[in-house]
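Peer 1: The structure's right below; bear with me while I get my questions together.
The values are calculated or read from the model by the stated rules, or taken from the named source; none is laboratory data. Quantities reported herein were computed from a predicted structural model and do not represent experimental measurements. Heads up, the Cβs are rebuilt from the backbone with ideal geometry, glycines too, and the neighbour counts pull from every protein chain shown. Side chains included, ligands, DNA and RNA excluded: accessible areas come from the protein's heavy atoms. Shrake-Rupley method; radii C 1.70, N 1.55, O 1.52, S 1.80 Å.
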Amino acid sequence: HVEAVLPVMREALEQAGTGLGMIDAIAVGNRPGLIGSLLVGVAAAKSLAWSLNKPLVGVDHVAAHVYSGMLERSEVDNLFPALGLVVSGGHTAMYHVASWTDIHRIGATIDDAMGEAYDKAATMMKLPHPGGPNLDKLASDPAANEKRFDLPISRLSPTSLDFSFSGLKTSVLYTLRGVPGERSGTPPMDATPENIRDLAASFQRSACKAVTIKLSRAIEQARERGVTYRSLLCGGGVTANSRLRRELLAFEQSHALAVRLPPMRYCMDNAAMIGGLGFQLLRAGKRDDMELQATPVISIPAAAGT
């Protein structure tokens with residue numbers, strides 16, 4: 001990271017056709033994440049802000065994923081209050097978004113993140129890297145039978161807004177290898193290409209259904225509190241999944257709210273989402289000083305009562 005950060009910044013400026021003198025502020029993702037890369041990024045951003053005498057804006061990486069659906073869009077009004085969803089290899093959570101400066105977590109995974117479950121299931125099915133996209137591709141085969149295997153859809157409790165994917169992952173393992181310890185002896189699945197294809201489709205159906213169930217619950221519970229969400233703001237690597245994108249877009253019709261999905265190139269971690277949210281925070285008057293710290297842990301607070 002130390003070796004790459006300056007060449008990357010120079011290349012970004014060159015591609016944008018701009019120079020440092022035309023920059024109004026420096027935004028940097030300072031939380032959460034791997035501490036080594038965060039330290040390098042924050043140090044570089046501080047140095048640049050100090051040398052140019054420009055404002056420094058620290059940006060939460062997960063909140064920036066919530067914003068990523070707004071990249072390449074000019075609209076700024078009628079978004080809030082919004083329901084936020086981040087689904088990635090490291091995060092699966094929902095947020096109440098009152099504004100870009102007022103975001104609270106209302107639900108999160110209690111075990112595996114959705115993207116992690118995808119990758120682990122793909123590994124068990126012996127699919128090539130990258131596991132999640134290849135599982136999606138296999139599950140999207142028109143011949144796939146998504147109801148072939150009755151895999152669990154996690155609900156946790158009738159009112160919970162949290163997620164759990166470990167049970168689904170374990171069911172895939174038992175389907176492939178058989179259930180241990182049973183006298184009846186559930187045999188391992190015959191790992192034919194057709195069976196693997198159907199298992200992938202069944203897994204994807206259950207994983208995506210778990211997300212849409214919790215989104216519907218969040219919308220219903222908000223209405224009970226007198227809150228009507230105007231939009232669904234989505235981000236994270238798993239928003240590139242073909243089935244999840246279709247099901248999220250279906251919310252525009254079934255729940256009468258605008259769904260904002262990031263363009264495919266902005267689904268994964270990217271600097272554009274940091275800059276985009278940083279711009280909104282700057283407009284709202286947010287500034288950080290040279291005491292800004294890299295923080296590896298999640299920092300978006302939970303909503304009261306969750």
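Peer 1: From the residues in the range 206-230 that are more than 14 Å from Thr92 (Cβ to Cβ) and touching a residue at least 60 places away in the same chain (Cβ under 8 Å), which one is most open to solvent (accessible area, probe 1.4 Å)?
Peer 2: Arg230
Peer 1: Okay, moving on. Quick one: which of Ala256, Ala271, Ala294 is among the aliphatic types (A, V, I, L, M) and free of Cβ contacts under 8 Å to residues at least 24 places away in the same chain?
Peer 2: None of the others qualify; the one that does is Ala256.
Peer 1: Hey, any hits in the range 165-184 for a residue that's under 30 Å from Gly107 (Cβ atoms), touching a residue at least 24 places away in the same chain (Cβ under 8 Å) and either outside any helix (DSSP H, G or I) or open to solvent by 60 Å² or more (accessible area, probe 1.4 Å) (or both)?
Peer 2: Looking for residues that are under 30 Å from Gly107 (Cβ atoms), touching a residue at least 24 places away in the same chain (Cβ under 8 Å) and either outside any helix (DSSP H, G or I) or open to solvent by 60 Å² or more (accessible area, probe 1.4 Å) (or both), one finds at least one in the range 165-184, hence yes.
Here's the yes/no breakdown for (1) over 20 Å from Leu215 (Cβ atoms); (2) of a type in the set (Asp, Glu); (3) crowded, with 19+ Cβ neighbours inside 10 Å:
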position: Val62; (1), (2), (3): no, no, yes
position: Val76; (1), (2), (3): yes, no, no
position: Ala98; (1), (2), (3): no, no, no
position: Met114; (1), (2), (3): no, no, yes
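Peer 1: Something else: Given the criteria closer than 20 Å to Met114 by Cα and more than 13 Å from the chain's Cα centre (by Cα), does Glu291 qualify?
Peer 2: Criteria not met by Glu291.
Peer 1: In addition: Are any residues in the range 118-151 in a loop (DSSP other than H, G, I, E, B), within 22 Å of the chain's Cα centre (by Cα) and touching a residue at least 40 places away in the same chain (Cβ under 8 Å), and if so, which ones? Spell out the reasoning first.
Peer 2: The first filter runs over the range 118-151 and keeps only residues in a loop (DSSP other than H, G, I, E, B), leaving 125-130, 140-151.
Subsequent filtering for residues that are within 22 Å of the chain's Cα centre (by Cα) retains 129-130, 140.
The one that is in a loop (DSSP other than H, G, I, E, B), within 22 Å of the chain's Cα centre (by Cα) and touching a residue at least 40 places away in the same chain (Cβ under 8 Å): Ser140.
Peer 1: I want to confirm something. Restricting to the range 231-280 and keeping residues that are touching a Cys at 6+ places or on another chain (Cβ under 7 Å) and basic (Lys, Arg), which single residue is nearest to Ser88 (Cα to Cα)?
Peer 2: Arg243
Peer 1: Name the residues in the range 8-31 that are at pLDDT below 95 and either in contact with a strand residue (DSSP E or B) (Cβ under 9 Å, 6 or more places away or on another chain) or open to solvent by less than 30 Å² (accessible area, probe 1.4 Å) (or both), would you?
Peer 2: Within the range 8-31, Gly19 is the sole residue that qualifies.
Peer 1: Report, by residue number, each residue of the range 6-43 that is more than 21 Å from Ala63 (Cβ to Cβ) and among the hydroxyl-bearing types (Ser, Thr, Tyr).
Peer 2: Just the residues of the range 6-43 that are more than 21 Å from Ala63 (Cβ to Cβ), to begin with: 6-23, 36, 43.
Across the range 6-43, the qualifying residue is only Thr18.
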